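Engineer: Once you've had a glance at the structure underneath, I'll fire off some questions.
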Amino acid sequence: MHNGTESSTTVIAASRPELHVLPEPTIHRLSTWGSVGGALEAMHVLGAQGWPRAVGASTAPAARCSVFCLGPAEWWIVGNLPPVPEIESLVLVEITGAVAVARLRGPGAEDVLSCYCGLNLSRSVFPVASCARTRLGAIAVTIHRLSEVEFDCYAARSHMGYLLAALRAAGAH
């Protein structure tokens, strides 16, 4: 059984996407707590610094980091941590050890994910740089669209074996 910690590549089927388990990226969760006023202040300051404000939006994938807005007052930072303003209502937690990442890349990646995911992942609804929390089969995942044919799927490290098996099964059909 794959524990999600080593890197691997699988070609699911001819003319189907490749599936990669990525080396462990650094992931932080930033959220707000306390009063609504404190949360609004934090969102305003982060937005002014270029952080995504809309739920489901992310910064363009970059070499150093990507920032996903996963809720009205919650972000994930994947990669090198950018400057985070010192605001009392912000809480930053590293979640690197709890999360693993599978990358699905190539023609048909959208179709493979759609086999187990109820979200409409078509480019018109889920364009490049979109992110969402959803379920893929029976597990919770965060999906990030990197390009027209490339997605990262973040899941609990303990669920990575199930996620890989589900994606391989979907790609075989």
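The values are calculated or read from the model by the stated rules, or taken from the named source; none is laboratory data. These numbers come from a predicted model, not from an experiment. No Cβ is skipped: glycine too gets one built from the backbone with ideal geometry, and neighbour counts run over all protein chains shown.
Engineer: Output yes when any residue across segment 86-103 is in a loop (DSSP other than H, G, I, E, B), over 30 Å from VAL45 (Cβ atoms) and not basic (Lys, Arg), and no when none is.
Structural biologist: Looking through segment 86-103, none of the residues is in a loop (DSSP other than H, G, I, E, B), over 30 Å from VAL45 (Cβ atoms) and not basic (Lys, Arg).
Conditions tested, residue by residue: (1) under 30 Å from TRP33 (Cβ atoms); (2) in contact with an Asp or Glu (Cβ under 9 Å, 6 or more places away or on another chain); (3) surrounded by fewer than 17 Cβ atoms within 10 Å (Cβ to Cβ).
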| residue | (1), (2), (3) |
| --- | --- |
| TRP75 | yes, no, no |
| LEU90 | yes, no, no |
| THR96 | yes, yes, yes |
| ARG105 | no, yes, yes |
| LEU136 | yes, no, no |
| VAL141 | yes, no, no |
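Engineer: Go through the residues of segment 141-153 one by one and say whether even a single one is of a type in the set (A, V, I, L, M), without any contact (Cβ under 8 Å) to a residue 60 or more places away in the chain and in contact with a Lys or Arg (Cβ under 9 Å, 6 or more places away or on another chain). Walk me through how you get there before you give the answer.
Structural biologist: In the first step, residues of segment 141-153 are kept if they are of a type in the set (A, V, I, L, M); the result is 141, 143, 146, 149.
Now narrow it down to the ones that are without any contact (Cβ under 8 Å) to a residue 60 or more places away in the chain: 141, 143.
Remaining after also requiring in contact with a Lys or Arg (Cβ under 9 Å, 6 or more places away or on another chain): 141, 143.
Among the residues of segment 141-153, at least one is of a type in the set (A, V, I, L, M), without any contact (Cβ under 8 Å) to a residue 60 or more places away in the chain and in contact with a Lys or Arg (Cβ under 9 Å, 6 or more places away or on another chain), which makes the answer yes.
Engineer: Restricting to segment 23-57, give me the number of residues that are touching a residue at least 40 places away in the same chain (Cβ under 8 Å) and either among the small types (Gly, Ala, Ser) or farther than 22 Å from VAL99 by Cβ (or both).
Structural biologist: 10
Engineer: Here is a follow-up. Do we have GLY4 as modelled with pLDDT under 85, exposed (fewer than 15 other Cβ atoms within 10 Å of the Cβ) and in contact with a Ser or Thr (Cβ under 9 Å, 6 or more places away or on another chain) here?
Structural biologist: It is false that GLY4 is modelled with pLDDT under 85, exposed (fewer than 15 other Cβ atoms within 10 Å of the Cβ) and in contact with a Ser or Thr (Cβ under 9 Å, 6 or more places away or on another chain).
For (1) closer than 17 Å to THR26 by Cβ; (2) modelled with pLDDT of 95 or more; (3) part of a strand (DSSP E or B), each residue gets a yes or a no:
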| residue | (1), (2), (3) |
| --- | --- |
| VAL67 | yes, no, yes |
| PRO107 | no, no, no |
| SER122 | no, no, no |
| ILE143 | no, yes, yes |
| LEU164 | no, no, no |
